[in-house]
Amino acid sequence: MPDTHPSEAFVPNRYRDTRCGALRPSDVGSQVRLAGWVSAKRDHGGLLFCDLRDPAGPDSDLPSHDGGYLRGDHNDRVVQLVLHPGDGAFETMARLRLESAVSVTGTVAQRPAANVNPKLSTGQVEVEVSSLEVLSSAEVLPFSVERESEVGDEARLTYRYLDMRRGPLVERLAKRARFAQLVRAHLSSRGFLEIQTPVLTVSSPEGARDYLVPSRLYPGEFYALPQAPQQFKQLLMVGGVERYFQIAPCFRDEASRADRSPGEFYQIDMEMAFATQEDVFREVELLFGHVVSALSTKRAPSPFPRLSYADAIARYGTDKPDLRFGLEVADVTADLGGRTELPMFAEAPQRGNAIRAMLAPKGADRSRSWFDTFAEAARSGGCTGSWLQLPADGGEWKGPLSRKLTAEEMGALVAATGAGPGDAVLTSVGPARSASLALGQVRSAIGRDLGLADPDLLAFCWIVDFPMYERNEETGQWDFSHNPFSMPQGGLEALEAKDPGDIVAYQYDVVCNGIELSSGAVRNHLPEVMEKAFAIAGYSRERIERSFPALWNAFRYGPPPHAGIAPGFDRFFMVLEDQPNIREVIAFPLNQAARDLLMGAPAPVTPGQLAELHLQVVGPKKP
RNA sequence: GGACCUGUGGUGCAGCUUGGAGUGCACGCCGGCCUGUCAAGCCGGAGGCCGCGGGUUCAAAUCCCGUCAGGUCCGCCA
């Protein structure tokens, strides 16, 4: 923890001897030199007001925690300058464009009571300017920095520095800096060693597409940027590091989403030796609890509830349920299967199908097209969707099911879902997993539509017992469903005895408010178990050795059992800040097509550069 | 790899459904007036390849096809 408040680090220089936002009535009468941007001008002809704005910096009025707040709010950063005609300063300021950088000398004056501006921290005073120095003048801006008007993403990214001057973005970056400090301080205090791992490494055969870096010294050979420091952290465990962490850059050449930055992102990468799943859970809950209590006013119930992957799918129709609201998928296979005339339900058991049902609150008045959309989504998952509407006035039940089911059967549906007048019941029939997934999609949509989620809640949960393998639909082979280095539950015996589809791994996710924050596992540190695990996925021993030589070799020399996790740093912060898009928490993000609109990356290079790297471009665009 | 939404003076939008003169709003910009504003105000003005290309039509910002750009989603992300 710092000994001084960051505001005390301010050192007067030729540009300024105090911050604009720091002026208070106690400064009245003193001569000050200020520097900043011309934030607004109000020219009355015979009198000119100017709001001078500081860069975002520490605020002496706010308490310092772990490195201090940054003052990002516009109203805390400006002071009003007063200029009178006759001196050169007035004429110069009158001509100067907004966002020019200036340094002024003047006297702090008390504002008349009627002219106090309560919105500004400095609103009780103003500065009578005696001299003005233009440090740099601004051209007409591509968009307004001052106003809080909406600006399109494209313009914001192209002029990211101007977007930052608007304030909120820098405020978030300041909070992100504090987030990083909290993580570092906390994990260090828990015995985790912060270690950097290489950024230039080797391509890994598993996972996402790699970013490659051609080697100049070795024609035809490439480095790869790490998708995650997965193997390095495991090697650290073998090397005798008891606990490791790193706010690690990760690079994946995959399509982006609103919550997924293209190209690069950061993970709080953690790993612990001689540790179990429980040890990881405890450390993560401590870390998250610490960070949330410091940075958020929201409640984060702890310990985090745990759901098996199978239960999450069955009850919420997703492996990343939003637990800020209830609304669960009910299994009514036993209630309706084989007991009704309706073939879809009647034949379900013998076809191996499940019947799932879910309440649609206030669904009685939903449009036909809303239900059709659900039915279509169910159909695309190989299921049949149908519904029952219960009018609010207690009138006759409607919807396709009302014409096919007996009163008793409909009663079973209503009882299982807890539907009442004004609600609807949705049903989905098909393979158990698909039937639940179809309802899971609607569950999210309903939650959004009706605002069911408690806005003051960070509903963390653990999803545990992920399946080790999943069947590849195209090849019929077994693929690793997650991390191939995860320890299968039951070890070698399970691998030998069980059907691969029934094997679960010590593999877990942290989910918060419907967003996957993190994935981790107890690692498979036993070569013989690894060999068998990979064999099921079609890997020979030679291929493991070739693909992961460092790990394979290291595990011959007494690797400790170890486990870890890697919470997404940007994504976690995005959820903390309630931001709808991950770009909002990144200083210089790529756009959704992985282009840097500010710097112009990616870009062609010269033929000379290509030649030096032994590369030839054969694609449609040649430099 | 696929689907959808958007593209209109510098910025943000309306106009498009039902084709009829670049028609409108807010901000910005330029000029003028103005001594207490704080998103200052008032008056005046400039600024448009309606993303681009093609088609339909007497006539296209508007309808159709293609393309480019931005965004959202599916696939993908061990």
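The values are calculated or read from the model by the stated rules, or taken from the named source; none is laboratory data. This is a predicted model, so every value here is computed, not measured. Neighbour counts run over all protein chains shown; Cβ positions are idealised from the backbone, glycine included.
Scanning region A:85-107 for residues that are within 13 Å of RNA strand B (Cβ to nearest atom), within 45 Å of the chain's Cα centre (by Cα) and either not assigned by TED's automatic domain parsing to the domain that holds A:SER26 or not in a helix (DSSP H, G or I) (or both) gives A:LEU96, A:ARG97, A:LEU98, A:GLU99, A:SER100. Screening A:GLU347, A:GLU409 for residues that are free of Cβ contacts under 8 Å to residues at least 12 places away in the same chain, surrounded by fewer than 23 Cβ atoms within 10 Å (Cβ to Cβ) and charged (D, E, K, R) leaves exactly one candidate, A:GLU347. The set of residues in region A:394-418 being closer than 15 Å to A:ARG356 by Cα and among the hydroxyl-bearing types (Ser, Thr, Tyr) consists of A:THR417 alone. Of the residues making up region A:432-447, none is more than 30 Å from A:GLN277 (Cβ to Cβ) and loosely packed, with under 14 Cβ neighbours inside 10 Å.
Looking at this structure, is A:ASP509 among the charged types (D, E, K, R), in contact (Cβ under 8 Å) with a residue 40 or more places away in the chain, assigned to a strand (DSSP E or B) and surrounded by 20 or more Cβ atoms within 10 Å (Cβ to Cβ)? Yes: the conditions hold for A:ASP509.
Each row is one residue, and each column tells you yes or no for (1) surrounded by 16 or more Cβ atoms within 10 Å (Cβ to Cβ); (2) more than 10 Å from RNA strand B (Cβ to nearest atom); (3) in contact (Cβ under 8 Å) with a residue 60 or more places away in the chain; (4) over 25 Å from the mean Cα position of the chain (by Cα).
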residue: A:SER215; (1), (2), (3), (4): no, yes, yes, yes
residue: A:GLU221; (1), (2), (3), (4): no, yes, no, yes
residue: A:LEU235; (1), (2), (3), (4): yes, yes, yes, yes
residue: A:GLN246; (1), (2), (3), (4): yes, yes, no, no
residue: A:ASP259; (1), (2), (3), (4): yes, no, yes, no
residue: A:PRO262; (1), (2), (3), (4): yes, no, yes, no
residue: A:GLU271; (1), (2), (3), (4): yes, yes, yes, no
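Hey, could you check region A:124-143 for residues that are touching a residue at least 24 places away in the same chain (Cβ under 8 Å), surrounded by fewer than 17 Cβ atoms within 10 Å (Cβ to Cβ) and within 9 Å of RNA strand B (Cβ to nearest atom) and say which is nearest to A:ILE582 (Cα to Cα)? Among them, the one singled out is A:LEU141.
The condition of being surrounded by fewer than 17 Cβ atoms within 10 Å (Cβ to Cβ) and not in a loop (DSSP other than H, G, I, E, B) holds for A:ALA550. The residues listed here are A:PHE281, A:PHE251, A:PHE304, A:PHE325; of these, the one that is touching a helix residue (DSSP H, G or I) at 6+ places or on another chain (Cβ under 9 Å) and modelled with pLDDT of 95 or more is A:PHE304.
Of the strands (runs of 3 or more DSSP E) lying entirely inside region A:396-492, those carrying at least 3 residues that are farther than 20 Å from A:THR373 by Cβ are A:460-464, A:469-471, A:478-480.
Here is a check on your reading of the model: is A:VAL170 within 16 Å of RNA strand B (Cβ to nearest atom) and not acidic (Asp, Glu)?
Working: within 16 Å of RNA strand B (Cβ to nearest atom): no; not acidic (Asp, Glu): yes.
Considered against the rule, which asks whether it is within 16 Å of RNA strand B (Cβ to nearest atom) and not acidic (Asp, Glu), A:VAL170 comes out as no.
Somewhere in region A:545-564, is a residue touching a Gly at 6+ places or on another chain (Cβ under 8 Å) and under 21 Å from A:TYR309 (Cβ atoms)? Yes: one or more hits. Annotation note: of A:VAL522, A:VAL605, the sole residue that is crowded, with 20+ Cβ neighbours inside 10 Å and in contact with a Pro (Cβ under 8 Å, 6 or more places away or on another chain) is A:VAL522.
I want to confirm something. Restricting to region A:473-486 and keeping residues that are more than 9 Å from RNA strand B (Cβ to nearest atom) and of a type in the set (S, T, N, Q), which single residue is nearest to A:ALA537 (Cα to Cα)? Don't jump to the end; show me each part of the working.
Pass one, region A:473-486, residues more than 9 Å from RNA strand B (Cβ to nearest atom): A:474-478.
Narrowing the set further to residues that are of a type in the set (S, T, N, Q) leaves A:475, A:477.
Working: A:THR475: 12, A:GLN477: 7 Å.
Out of the qualifying residues, it is A:GLN477.
Under the condition of being within 25 Å of the chain's Cα centre (by Cα) and either within 16 Å of RNA strand B (Cβ to nearest atom) or surrounded by 13 or more Cβ atoms within 10 Å (Cβ to Cβ) (or both), the residues counted in region A:195-211 number 11.
Given A:GLN609, A:GLN592, which one is part of a loop (DSSP other than H, G, I, E, B) and among the polar types (S, T, N, Q)? It would help to see each step written out before you state the result.
Numbers: A:GLN609 fails: part of a loop (DSSP other than H, G, I, E, B).
Checking each option against the conditions leaves just A:GLN592.
Does A:VAL241 qualify as being surrounded by 17 or more Cβ atoms within 10 Å (Cβ to Cβ), outside any loop (DSSP other than H, G, I, E, B), more than 16 Å from RNA strand B (Cβ to nearest atom) and at negative phi? For A:VAL241, the condition - surrounded by 17 or more Cβ atoms within 10 Å (Cβ to Cβ), outside any loop (DSSP other than H, G, I, E, B), more than 16 Å from RNA strand B (Cβ to nearest atom) and at negative phi - is not met. Which residues, taken from region A:80-98, are out of contact with any Cys (no Cβ under 9 Å at 6 or more places or on another chain) and either modelled with pLDDT of 95 or more or surrounded by fewer than 22 Cβ atoms within 10 Å (Cβ to Cβ) (or both)? Those that are out of contact with any Cys (no Cβ under 9 Å at 6 or more places or on another chain) and either modelled with pLDDT of 95 or more or surrounded by fewer than 22 Cβ atoms within 10 Å (Cβ to Cβ) (or both): A:HIS84, A:PRO85, A:GLY86, A:ASP87, A:GLY88, A:PHE90, A:GLU91, A:THR92, A:ALA94, A:ARG95, A:ARG97, A:LEU98.
Considering only residues in region A:144-154 that are under 17 Å from A:LYS41 (Cα atoms) and exposed (fewer than 11 other Cβ atoms within 10 Å of the Cβ), the one that is nearest to RNA strand B (Cβ to nearest atom) turns out to be A:ARG147. Checking the structure you have, find out if any residue of region A:215-226 is closer than 18 Å to A:ASN483 by Cβ, touching a Cys at 6+ places or on another chain (Cβ under 7 Å) and in a loop (DSSP other than H, G, I, E, B). For region A:215-226, residues closer than 18 Å to A:ASN483 by Cβ, touching a Cys at 6+ places or on another chain (Cβ under 7 Å) and in a loop (DSSP other than H, G, I, E, B): present. Does at least one position in region A:480-498 carry a residue that is touching a residue at least 40 places away in the same chain (Cβ under 8 Å), in contact with a Gly (Cβ under 8 Å, 6 or more places away or on another chain) and surrounded by fewer than 20 Cβ atoms within 10 Å (Cβ to Cβ)? No: region A:480-498 contains no residue that is touching a residue at least 40 places away in the same chain (Cβ under 8 Å), in contact with a Gly (Cβ under 8 Å, 6 or more places away or on another chain) and surrounded by fewer than 20 Cβ atoms within 10 Å (Cβ to Cβ).
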